[in-house]
Amino acid sequence: MSNGKKLKGEAMLALAAIIWGTAFIFQKMGMDHIGPMTFTLFRFGMGALAMIPVAIFYDRLKKKNNNPIMPYSNRTLLLGGLLVGAANFGASAMQQIGIVYTTAGKAGFLTAMDLVMVPFLMVILRRKIHGLTWLGVAIAAIGMYLLCMKGGFSIAIGDMYCLGGAFGFAVQILLIDYFVEKVDPIKLAFYEFSVTAILSLFFSLGFEDIIMSDVVACAVPLLYTAILEVCIAFSLQMIGQQYAPPAIATILMSFESVFAALSGALFLHEVMSGREIIGCIIMFCAFMIAQIPEMRGEE
């Protein structure tokens with residue numbers, strides 16, 4: 001692969017990380033108007049609609065270059081969309097609920113814990129894990145303790161939801177890794193967002209009241225997260241991972257947590273204690289350590 005393509009992929013992933021990180025403040029703002037399930041419904045529903053012209057453009061580009069076009073009825077594509085969408089719904093829903101009870105910065109760092117949860121899931125899949133990766137997991141646990149634990153072994157409900165969301169995103173990452181080489185990544189993203197929106201609809205109808213005037217009042221957070229975070233950033237991830245080496249891609253996406261903390265401090269005036277800042281720094285170092293073996297090309 002040429003250096004130009006690798007640089008292109010890395011730039012896409014870096015931009016996606018910036019968008020995801022800043023999106024936490026809009027997700028937090030959205031909770032002033034509507035419930036988390038309703039927010040997830042419109043966020044991904046609008047994101048799926050925004051993907052339609054992207055998919056049409058992508059198909060036309062393929063046709064122009066005489067590349068094969070995958071039909072929406074492809075069984076592998078449908079299965080991938082269903083599984084990735086279900087994982088994304090569980091992760092996004094728990095993350096959005098967690099944001100109600102915690103800060104945007106902390107939610108960003110806790111969500112980034114998916115990068116060290118992935119190795120545990122890989123062990124279940126009987127894949128060998130390097131010792132440095134396990135070291136990164138252990139260090140991340142220490143950082144997470146400093147960030148989350150208050151008054152002994154207590155943990156806030158918002159932190160638990162965000163950690164649950166991180167686990168869901170870890171599952172999503174492995175599912176995307178499996179399907180993205182087999183199907184059209186843009187159409188996979190469209191089905192992922194559609195499944196997430198449909199599942200959110202059932203839960204929002206069951207547990208929340210959908211009041212359209214409140215949805216309209218939430219227009220700015222919804223538009224930002226639907227268009228930029230869901231449609232553009234996820235598309236950048238899907239395409240970027242085809243060009244950037246996996247380890248570099250993972251590290252670049254982990255910068256989401258840094259931008260989340262900075263955005264929360266700059267725009268929402270959230271203040272983190274010295275203990276929490278140290279915890280964040282330790283966790284970020286753990287993310288880097290966990291990726292060293294793959295960067296070296298080691299098993």
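The values are calculated or read from the model by the stated rules, or taken from the named source; none is laboratory data. Note that the coordinates shown come from a computational prediction; the quantities given were computed from them, not determined experimentally. Note that we place each Cβ from the backbone using ideal geometry, even for glycine, and neighbour counts take in every protein chain shown. What goes into the accessible areas is simple: the full protein's heavy atoms, side chains included, and nothing from ligands, DNA or RNA. Shrake-Rupley method; radii C 1.70, N 1.55, O 1.52, S 1.80 Å.
Membrane-span-like helices in the chain: DSSP H runs reaching 24 Å or more (Cα, own axis), mean Kyte hydropathy at least 1.0?
Working: long enough: 3-30 (40 Å, 0.50); 36-64 (42 Å, 0.55); 75-101 (40 Å, 1.06); 131-148 (26 Å, 1.89); 157-179 (33 Å, 1.34); 185-207 (33 Å, 1.40); 274-296 (34 Å, 1.09).
Both cut-offs are met by 75-101, 131-148, 157-179, 185-207, 274-296.
Using the 1.4 Å probe convention, the accessible area of the chain works out to 47 Å² per residue with neighbouring protein chains retained. Given a Förster distance of 41 angstrom, what is the FRET efficiency for MET288 paired with THR76, based on the Cβ-Cβ distance and rounded to 0.05? Taking R0 as 41 Å, the efficiency between MET288 and THR76 is 0.75.
Each principal axis of the Cα cloud of the stretch 44-156 was taken in turn, and the coordinate range along them, longest first, works out to 60, 37, 23 Å. Extension gain for the segment ALA156 to LEU7, taken as residue separation times 0.36 nm less the Cα-Cα distance, is 49.6 nm to one decimal. Measuring from label point to label point, each 7 Å out along Cα→Cβ, what is the VAL54 to LEU15 span in nm? Each label point lies 7 Å from its Cα, and together they span 1.1 nm.
Shown for the stretch 1-82: lysine pairs separated by 8 or more places, or found on different chains, whose C-alpha atoms are under 30 Å apart, numbering 9.
Of PHE26, PHE39, PHE202, which has the most accessible area with a 1.4 Å probe, and how do the rest follow in descending order?
PHE202, PHE26, PHE39
If you take the Cα centroid of the stretch 195-219 and the Cα centroid of the stretch 84-100, the two points sit 14 Å apart. Could you check how many percent of all C-alpha pairs in the chain are farther apart than 24 Å? So the pairs more than 24 Å apart make up 50 percent of the total in the chain. Can you give the calculated 222 nm mean residue ellipticity of the chain, where each DSSP H run of n ≥ 4 adds -39,500 (n - 2.57) and the sum is split over every residue, rounded to the nearest 500 deg cm²/dmol? Result for the chain: -25500 deg cm²/dmol, rounded to the nearest 500.
Net charge within 11 Å of GLN96 by Cβ-Cβ distance, Lys/Arg positive one each and Asp/Glu negative one each, not counting GLN96 itself? Overall, the nearby charge balance is +2.
In the context of the full protein assembly, TYR58 retains an accessible surface of approximately 50 Å², using a probe radius of 1.4 Å and ignoring ligands and nucleic acids. For the chain, the carbon plus sulfur part of the accessible surface works out to 70%, probe radius 1.4 Å.
Backbone amide hydrogens, once placed in the peptide plane, bring ILE211 within less than 5 Å of nothing, excluding anything fewer than 5 places away on its chain.
Over all other residues within a Cβ to Cβ distance under 12 Å of ASP214, the charged ones net out to -3, with Lys and Arg as +1 and Asp and Glu as -1.
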